[in-house]
1. Which residue, of ALA84, ALA120, is free of Cβ contacts under 8 Å to residues at least 40 places away in the same chain and either basic (Lys, Arg) or within 23 Å of ASP11 (Cα to Cα) (or both)?
2. Being of a type in the set (Ser, Thr, Tyr), in contact with a strand residue (DSSP E or B) (Cβ under 8 Å, 6 or more places away or on another chain) and either open to solvent by 40 Å² or more (accessible area, probe 1.4 Å) or under 26 Å from ASP11 (Cβ atoms) (or both) narrows it down to one of TYR54, TYR111, so name that one.
3. Restricting the search to segment 25-48, which residues are open to solvent by 10 Å² or more (accessible area, probe 1.4 Å) and not basic (Lys, Arg)?
4. When only residues in segment 63-119 that are charged (D, E, K, R) and not in a helix (DSSP H, G or I) count, which is modelled with the highest pLDDT?
5. What tally of residues in segment 36-56 results from selecting those that are assigned to a loop (DSSP other than H, G, I, E, B), more than 19 Å from ASP126 (Cα to Cα) and either in contact with a Cys (Cβ under 9 Å, 6 or more places away or on another chain) or modelled with pLDDT of 95 or more (or both)?
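The values are calculated or read from the model by the stated rules, or taken from the named source; none is laboratory data. Because the structure is a prediction, the values reported are computed rather than measured. Glycine also receives a Cβ, built like all others from the backbone with ideal geometry; neighbour counts cover every protein chain displayed. We work out accessible area using only protein heavy atoms, side chains counted, and drop any ligands, DNA or RNA first. Shrake-Rupley method; radii C 1.70, N 1.55, O 1.52, S 1.80 Å.
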Amino acid sequence: MNPVTDNLAPDTDLIVFDGECVLCSGFFRFMLRHDQDERFCFATAQSTLGQRLYSDLNLPTSEFETNLVIVDGKVHQKLDAFAAAMRALPGAWRVLSLCRHLPAFLKDPLYRTIARNRYALFGRYDTCLMPDPSLRSRFAPDGF
């Protein structure tokens, strides 16, 4: 039993991203394009579901310094989240999952630096992403 994922539908692989962050929303669009089997569903960090997951993980619920990637009931954060998402994609994208093998003393500061400066580097939307009707089916319940 995992209290963080217990309320998700069984076999749900989920990506939770900051819907106001240009970089994070770009990751979402990348995954939509390349997740041909539609393995993942999505939620914004600002949504009811996103807020609950961040809170359950004792993560800040207003400043999102990590995307969450849940695969096979396991929650991944930081660069390991990116690696888990890449590992789930078909084809050559899987090679990017090798970043999970970087030593923590390298990957954690690198990820933290980008995460803390992402709005300055990439920009921020004035409002949270709202999916158009054609994309809503890819979002988890309470995910936007």
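1. Only one candidate passes the filter, namely ALA84.
2. TYR54
3. Within segment 25-48, GLY26, PHE27, PHE30, LEU32, HIS34, GLN36, ASP37, GLU38, CYS41, GLN46, THR48 qualify.
4. Looking at the filtered set, the residue picked out is LYS74.
5. Summing the residues that are assigned to a loop (DSSP other than H, G, I, E, B), more than 19 Å from ASP126 (Cα to Cα) and either in contact with a Cys (Cβ under 9 Å, 6 or more places away or on another chain) or modelled with pLDDT of 95 or more (or both) in segment 36-56 gives 0.
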